[in-house]
1. Using the Kirkwood radius over C-alpha pairs as Rh, can you work out the diffusion coefficient of the stretch 1-73 via Stokes-Einstein at 25 °C, viscosity 0.890 mPa s, in µm² per second?
2. In Å and on Cα atoms, what radius of gyration and Dmax does the stretch 65-205 show?
3. Would you compute, from DSSP H runs of 4+ residues alone, the mean residue ellipticity of the chain at 222 nm, taking -39500 (n - 2.57) per run and dividing by the full residue count, rounded to the nearest 500?
4. In the chain, what percentage of the DSSP-assigned beta bridges are antiparallel, given to the nearest 5?
5. Diagonalise the Cα gyration tensor of the stretch 221-302 and give the resulting equivalent ellipsoid semi-axes, square root of 5 times each eigenvalue, largest first, whole Å.
6. Expressed as cubic angstrom per residue, what is the convex hull volume of the alpha carbon set of the stretch 95-161?
7. Separation between the ARG268 and GLU111 pseudo-spin-labels, each 7 Å from Cα along Cα→Cβ, expressed in nm?
8. What does the highest-first list of 175-181, 31-37, 78-84 look like by mean Cβ count within 10 Å?
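Rule-based calculations on the coordinates, nothing more; no lab input. These numbers were taken from a predicted model, which means no experiment stands behind them. Please note: Cβ atoms are built from the backbone with ideal geometry, for glycine as well, and neighbour counts cover all protein chains shown.
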Amino acid sequence: MVVNVNPTVTIMMATFNGEAFIKEQLDSLIRQTYPSWKLVVHDDGSTDNTLDILAGYERRDPLITVMRDGVTRLGATGNFMHLLSHTEGELYMFCDQDDIWLEHKVTCMVETMRQYSGPTLVYANANFYKNGGVVEQKTTTIHPTGLRNFLFFNSGIQGCSIMINAELINFLRPFPSLLVMHDHLFTLGAISFGKVVYLDKILMWYRQHGSNASGAQHLGVRARWLNFFRRDKPVVDRHHFLANRAFYRHYLSKLTLSDKQAFNGYFRYCESKSRVKRILIILKYRFSLGDKRGVLFLKTLIRKPIG
């Protein structure tokens, strides 16, 4: 069923010791041009002034609700999944505490989501934001469209850049017991059972600082290439391998034969001791990273398969 003209967008913010930047993020949400949204916040046990800041915004804006259930020490993924289990809505967005959303972000993503039915994930792009200034470098450069160009991704589509619909969430419930990140689960779920739609617009500034929950990114071409050629890094991150395997086992009965074959080829690659066999597996299953098959070949030549 196609979503309503102005569906309610539930924005979920997971916080922890975010006093340094959270006001800028909250202000950017309040400036959103979309008329029907609500923000639900859950804190993971902050020891700074985060909760006081949130309480002040909650008093001033009826669209902001802070969950106070005493549940803490969940970690970023656990906190977002906790929020998801205690909220209802038609469309959902994940919100980090330290970014800045451009004022038309929600509007643009809803307009895109309206065009699709069934389990769907829509994502847009962002520029990095560091030391008070925008870095003209996109955060997302690889765009997966199916399992065979996503399984080696070692992440999901950046969580703070996505919108998902209730149909995707309901299709995936109950969730696997082993998760590496919430965005990985929903990207993999949308690719396997629905649609992943890329909106080619910059709709957010993704802040870089010393405490990013998902790790600081490498800015600049030289830094990215130096990171790429690090021989101590594996092709497949073990945590994502385990999460992919848990997903496969959990949803096995719902997967198509083609997707089952893709998963099994991925598992064979990770378990193979032979570089030649791993290259043959890439060729047989047409594996790639987004539309960049050469990148996966090169990684296979210079890195160990899993670590």
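1. On the way: Rh = 13.2 Å.
Translational D for this selection: 186 µm²/s.
2. That works out to 15.0, 42 Å for Rg and Dmax.
3. Working: 11 runs with 116 residues, N = 307.
Value at 222 nm, helices only: -11500 deg cm²/dmol.
4. Values: 13 of 39 bridges.
Around 35 percent of the beta bridges assigned by DSSP in the chain are antiparallel ones.
5. Working: eigenvalues 120, 42, 31 Å².
Semi-axes, largest first: 24, 15, 12 Å.
6. Working: hull volume 7.9 nm³, N = 67.
Dividing the Cα hull volume of the stretch 95-161 by its residues yields 117 Å³.
7. So the two model labels end up 4.6 nm from each other.
8. 78-84, 175-181, 31-37
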